[in-house]
Amino acid sequence: MSVEDLNTEAWTVYGRRQLDRGYVPPVPERLEWTPWEGIGPGAEVLGDVTGTRVLDIGSGAGHHAVHLARVHGARVTAIELSPTQHRRATGTHAGTPGVRFVHGDVVDHLRTAEPFDAAYAIGSLAFTDPYRVLPALRDGLRPGAPLVLSLLHTDLHGRGPSTAVAPREQTIRLRDDPPLPTRMWVLTPQLWEDLLSEHGFRIEAVDLLRPRDESNPVVQQLIRARRLPDRPARVSSRPRITRPPAPHAAIGVGAVVLGDRGVLLGRHRHGTLELPGGTVEAGESLEATVVRELAEETGLIARPDDVTLLGTLVDHVGDVVRVTVGALVGAWQGRPATRPDESVGDWAWYPLDRLPDGLFVCSAQILTAWRPDLPVDHPPAHFTPYAHRTARGATGAVAAPEEAPA
């Protein structure tokens, strides 16, 4: 038997027993969120419900719905899955102005109903899979609508809430009758908050409510949430102008490749010594630029996952802002060699304590950003380090209101 069928059967038997006894709970003077009178807040947590459409989830004998309609002027839809509980409600309160009693499943009902202005559940929502009912409530409530839930926290045996989103065995007790087995989602307040947040609600308050009798270990949690406003599936953007902007900046990368014999440098045809690197191409990630330039200039093969971005260096040449991103390559394959048609070649390894003169400015800036202790002079640049992971192999890197479930 499924969890839902088990719980429906338990509440059907419960309702039948109450019908056989002829017991009808009185309409309360205030909305009670627990089995104990006068504990916790009342209907004010729903806000002003006068003239609004309110959903009572798992309405049982209907006395709470009748209270909201009579005292607060709400228009209440009281939905109940158990046929005997529904019969209890309609047998006593049918025709009550402002209350519509519905026998059915709340998820099915919300698929076709107009969105409600507020919803609440007193001891009932924990009998339904939250992953099934919360999406339906999100879609069935207007943006900004309150959702107030009274849920079991600690049972009659002193067993507190579960830390996993899964149903557990509980029982419904009614006087001396045999207990009715159920399965309930008895969850910590944090789990309920996570679930509600995941499904489009904002938590406003969580209260733990206890009876006045200190020997009674039962605790109810009262959760006040609000349905968040709808958001568009995608947010659009547009350019300020339709023509390409005039070139005013240059962006490139420089890669620190550190081997057993030192750092890899090549000689440019203009005579400077520099790190592998080059200009970022359109549509290319910075890591991909490092991998491509390394292969084109040196023949070394690396993967984007082998690249750790160190940070951004900003300086300028004349009126052009120059942005250089330093990177550390933690693993590669192959041996460096001069490549045809490249402006940098004669690759060699240089120990960090014997770096040569004549370093290209951008390479010098990257090396000192990576290792500030290196004795390298260069024009200043503004360096912004990135928060990052270390590259592989890198050697340096900058309950029911009438009875409580047992």
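Below 8 Å between Cα atoms, with a sequence gap of 6+, how large is the relative contact order for segment 157-232 in percent? Intermediate values should be presented prior to the final figure.
On the way: 96 pairs, mean separation 18.8, N = 76.
Across segment 157-232, relative contact order equals 25 percent.
Distance between the 7 Å Cα→Cβ label points at Asp139 and Ala205: 3.2 nm. Distance from the Cα centroid of segment 251-296 to that of segment 99-132 is 61 Å (rounded to whole angstrom).
Beyond 36 Å, what percent of the Cα pairs of the chain remain? Working shown, then result.
Values: 41362 of 82215 pairs.
In whole percent, the long-distance tail amounts to 50.
Quick one: of the DSSP bridges fully inside the chain, what percent are antiparallel, nearest 5? If you can, show how the numbers build up before the last one.
Working: 49 of 78 bridges.
In the chain, approximately 65 percent of DSSP beta bridges are antiparallel ones.
Is the shape of segment 264-366 best called rounded, prolate or oblate, per the rule: a/c under 1.5 gives rounded, else a/b larger than b/c gives prolate, else oblate, with a ≥ b ≥ c the square roots of the Cα gyration tensor eigenvalues? If you can, show how the numbers build up before the last one.
On the way: a/c = 1.39, a/b = 1.05, b/c = 1.32.
Taking the square roots of the gyration eigenvalues as a ≥ b ≥ c, segment 264-366 is rounded.
Using a ≥ b ≥ c from the Cα gyration tensor of segment 3-227 (square roots of the eigenvalues), is it rounded, prolate or oblate, where a/c under 1.5 gives rounded and otherwise the larger of a/b and b/c decides, a/b for prolate? Display every interim value, and only then the final one.
On the way: a/c = 1.29, a/b = 1.04, b/c = 1.24.
Rounded shape, in that the Cα axes give a/c under 1.5.
Extension gain for the segment Ser197 to Val317, taken as residue separation times 0.36 nm less the Cα-Cα distance, is 38.2 nm to one decimal. In a fully extended conformation the segment linking Ser343 and Ser215 would gain 37.6 nm over its present Cα-Cα distance, using 0.36 nm per residue. Per the Kirkwood formula applied to alpha carbons, segment 99-231 shows a radius of gyration over Rh ratio, Rg over Rh, of 0.98.
A viscosity of 1.567 mPa s and a temperature of 4 °C, combined with the Kirkwood radius over C-alpha pairs in the Stokes-Einstein formula, give segment 208-341 a diffusion coefficient of 66 µm²/s.
Values in this text are rule-based calculations from the coordinates and carry no lab data. Values in this document were obtained by computation on a predicted structure and should not be read as measured data. No Cβ is skipped: glycine too gets one built from the backbone with ideal geometry, and neighbour counts run over all protein chains shown.
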